[in-house]
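The values are calculated or read from the model by the stated rules, or taken from the named source; none is laboratory data. Note that the structure is a prediction, hence the values are computed from the model and not measured. Don't worry about glycine lacking a Cβ; one is built from the backbone with ideal geometry, like all the others, and counts go over all protein chains shown. We work out accessible area using only protein heavy atoms, side chains counted, and drop any ligands, DNA or RNA first. Shrake-Rupley method; radii C 1.70, N 1.55, O 1.52, S 1.80 Å.
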Amino acid sequence: MFDAIVVGSGMSGGWVAKELTEKGLKTLVIERGRHVEHGSDYKDGLQPWELENYGMVPEDEADKDYFVQKRCYAFSTANQDFWVKDSDHPYTYPADKPFLWIRGYHLGGRSIMWGRQSYRMSPMDFESNAKDGHGNDWPIRYEDLKPWYDHVEKFAGISGSKDGLPQLPDGEFLPAMAFTGTEVDFKKKLEAKWPTRKMIMGRAAHLTAVTPEQEELGRSTCQYRALCERGCSFGAYFSSLSATLPAAERTGNLTIVTDAIVHSVVYDPKTKKATGVRVIDAKTREGRTYEAKVIFLNASTIPTAQILLNSKSEAFPNGLANRSDAVGRYLMDHISLGAGGTYPGFEDRYHHGRRPNGFYIPRYRNVTEKAESFVRGFGYQGGIYRDNWRRGVNAPGVGAELKNNMRKPGPWQVRLTGFGEMLPRKENRVTIHQSNVDQWGMPIVNIDCGVGPNERAMLDQIGKDAREMLESAGATNIGVATYYGGLGLGIHEMGTAHMGKDPTKSVLNKYNQAHDVPNLFITDGSAMASGGCQNPSLTYMAMSARGAHYAAEFLKEGRI
Ligand SMILES: Cc1cc2nc3c(=O)[nH]c(=O)nc-3n(C[C@H](O)[C@H](O)[C@H](O)COP(=O)(O)OP(=O)(O)OC[C@H]3O[C@@H](n4cnc5c(N)ncnc54)[C@H](O)[C@@H]3O)c2cc1C
Ligand code: SF4
C-alpha cells in the first residue's frame, strides 16, 4: 500500500510526485508508456544530416501510422518515438467535427515535446465565467493560485520580463531573452499606433540563469540551439524528466512503474473512498491492482475523463465522481490562426544563435479594446527571423545561381499566431464506447467537440487584427490563414472534470478534490473551468503543487 498514486508522469503528474514525495509521502507514479532516459534517449546531439531523412518522416509511414500526429509542427524523425502511433491508439469523432488529438505516451509525457511558453492566468480569467455566464464559476480566484505560481516558477525556471499588465500577471522570472533588432522596430511601430497593445518577450520555461537547486538537479543554461522538441540533454528547459521527477527521486519516496495502463479507479462503497487503481500491463496485457490512501489523476484531460468514465460501480453507474454528469463535458482547446509577411529593411543585420522563443502580444480585446462580436479574447505569439537557405525549397531557379543565392540570407519574415479562448460548453464532450475497445481492452473515446459563433467571430478578428498590425509595420507579401486548422491542434485540451462551487454541476472542489470521492484529486487540464487564452501548462503546474499540498494536509489531519 502506497500513501499516494499518481496516474501519469507528464507535466502535471511530475509536479504532484515532486510535492508529495518532498512531504514524505511514499508515492507511486504509474505511466502507461515506456521509460525514457533523460539525456541518452534524446537526439539533440545529432546534426540535421545525421537524422533519418533529414528529420522528415516518410509520407507513407506518416499517413499509415501517424495520420494525426503528423499535423503537429514538432513531429519529425528526431523525436518520432515521442508521439503515439495513431494506428495503435484509435479514437473517434463525428465526421463534421474532427478533433486532432496530439499526444505522447512515455515517461515525461508531453513535457518533453512542449513549446515551453509559460503564462499565468489573470484575475480576469478566473472571473470570466461568473461575469459573462458561460460555463460554471471557478471556486478559486487568482489570489488562491498566486503563491503556487510563484512556487512553480522558481523551481521550473521561467525566463521573462515584468511588464505590469493586469491581464498577464508578472511572476518570479529569470532574465528575459532578447528581441531581434527587427522585433524592436515592430514593437515601436505597434505600440505607437496602438498604445494599449503591448509586445513583450515570450515567457518561456528556459534557464537563462541557473539556481543552485537547478544545478544540483543537473540542469544548465540554455545554449540557444532550438532543438528542444527532441529533449534537451542540458536540462535547459523544464520537463518532468529534467526537473520534477529527479527532485522526487532524490527524496527516496518515489516509485515509478512504466508500461502500466491505468484502466480504472477502484472505489469502496463502504468507506466511500477510492482504494487504488486497476492496471493493464502494456506488454503482457495482464491485469493487476495498486492500492494507496490518495489517488491523483494526471493522465491529461482526455485520458483522465476516459479513466473516470470507465470506473463504473453500483455507486457510480455513470463513472466515478460523476454524480454531476460533468465528467467528459466542457472540453476546451485554444483556437488559433496564423498570419505572416516579409518585414522591410534591416538587410545588413542577422540574428545571433537560434533563440528558442518568440515574442508575445498579450490579450487586448475586451481588456482595453472592446470586441463587438465576441466575449473573452486572444493573444499572439510571434517572431521575426531572417530567412535561411531553406527558402530555396520553393524558390525558382537551378544550379550554381540558385545555390549562390541561397548562401546569402533571405529577407526578414514576420509571423503572428493568435491563440484565442474557447468557451466552456456542456455539449463539447468526451465519452467512451461501451463495446469498442483498444488492443488493451480499454474502451476507446469519442470526442465530440466543435467551435461556436463566439469562436468563429474571434477567429475572424484574429485574422483582421493580424493583417492590420502587419500592414501598419510596413510588411509586404502578407498572408492570413483563411482556414482554421481544427480543434486539438492548439494542444491545450482541458476542462473534462472541472472545478466548481456546485457539486451538482462540477466534478472538483476548490482543492482539486472530487466532490464525490474525498481521496481523489485531479490536477491536470481536466480541472480547468475556463481556459483563458494563455498557454495553460503553468496553471496545471500551479494547481498540481497546490492540490498536492492540500491532499498531504488532509491526509495528515485524517480527513481523507
Ligand atoms: C508540440 C507541443 C507544444 C506545446 N506547447 C506548449 C506551450 O508552449 N505552452 C504550454 O503551456 N503548453 C504547451 N503544450 C501542451 C502541454 O504539453 C500540455 O498542456 C501538458 O503536457 C499537459 O500536462 P499533463 O500532465 O496533463 O499531460 P501530459 O504531459 O500529456 O502527461 C500525461 C501522461 O499520462 C500518461 N497516461 C495517459 N493515460 C494513461 C493511463 N491510462 N495510465 C497511465 N498513464 C497514462 C501519458 O502517457 C503521459 O505520460 C504543448 C504540447 C505539445 C505536444
Ligand atoms: S535551445 Fe536551450 S533548451 Fe532548447 S535544446 Fe538547446 S539548450 Fe536545450
Within segment 76-109, the count of residues that are open to solvent by less than 10 Å² (accessible area, probe 1.4 Å), more than 12 Å from ligand 1 (Cβ to nearest atom) and not in a loop (DSSP other than H, G, I, E, B) comes to 1
From the residues in segment 249-270 that are in a loop (DSSP other than H, G, I, E, B) and among the hydroxyl-bearing types (Ser, Thr, Tyr), which one is farthest from Leu25 (Cα to Cα)? Thr258
Hey, Ala466 buried (at least 17 other Cβ atoms within 10 Å of the Cβ), more than 22 Å from the chain's Cα centre (by Cα) and either at pLDDT 95 or above or assigned to a strand (DSSP E or B) (or both) or not: yes
Candidates Gln439, Gln461, Gln434 - the one that is loosely packed, with under 13 Cβ neighbours inside 10 Å, at pLDDT 95 or above, of a type outside the set (Ser, Thr, Tyr) and more than 23 Å from the chain's Cα centre (by Cα): Gln439
Please tell me if Val184 is out of contact with any Leu (no Cβ under 8 Å at 6 or more places or on another chain) and away from ligand 2 (no atom under 16 Å from the Cβ). yes
Within segment 414-427, is there a residue that is within 30 Å of Gly500 (Cβ to Cβ) and surrounded by fewer than 20 Cβ atoms within 10 Å (Cβ to Cβ)? yes
How many residues are touching an Asp or Glu at 6+ places or on another chain (Cβ under 9 Å) and farther than 24 Å from Thr208 by Cα when one looks only at segment 370-384? 6
Scan segment 41-75 for residues that are open to solvent by less than 90 Å² (accessible area, probe 1.4 Å) and out of contact with any Phe, Trp or Tyr (no Cβ under 7 Å at 6 or more places or on another chain) and report the count. 18
Given the structure, is Leu28 part of a helix (DSSP H, G or I) and either more than 22 Å from Lys556 (Cβ to Cβ) or more than 11 Å from ligand 1 (Cβ to nearest atom) (or both)? no
Yes or no: segment 218-240 includes at least one residue that is away from ligand 2 (no atom under 12 Å from the Cβ), crowded, with 18+ Cβ neighbours inside 10 Å, modelled with pLDDT of 95 or more and part of a helix (DSSP H, G or I). yes
Can you tell me which of (1) closer than 28 Å to Glu19 by Cβ; (2) in contact with a Pro (Cβ under 9 Å, 6 or more places away or on another chain); (3) surrounded by 19 or more Cβ atoms within 10 Å (Cβ to Cβ) is the one Arg329 doesn't meet? (1)
Residues being within 16 Å of ligand 2 (Cβ to nearest atom) and surrounded by fewer than 18 Cβ atoms within 10 Å (Cβ to Cβ) - total across segment 241-263: 0
Is there any pair linking a residue in segment 524-546 that is in a helix (DSSP H, G or I) to one that is open to solvent by less than 10 Å² (accessible area, probe 1.4 Å) and within 16 Å of ligand 2 (Cβ to nearest atom), with Cβ under 7 Å and at least six apart or on different chains, and which? Ser537/Ser118; Leu538/Ser118; Met541/Ala156
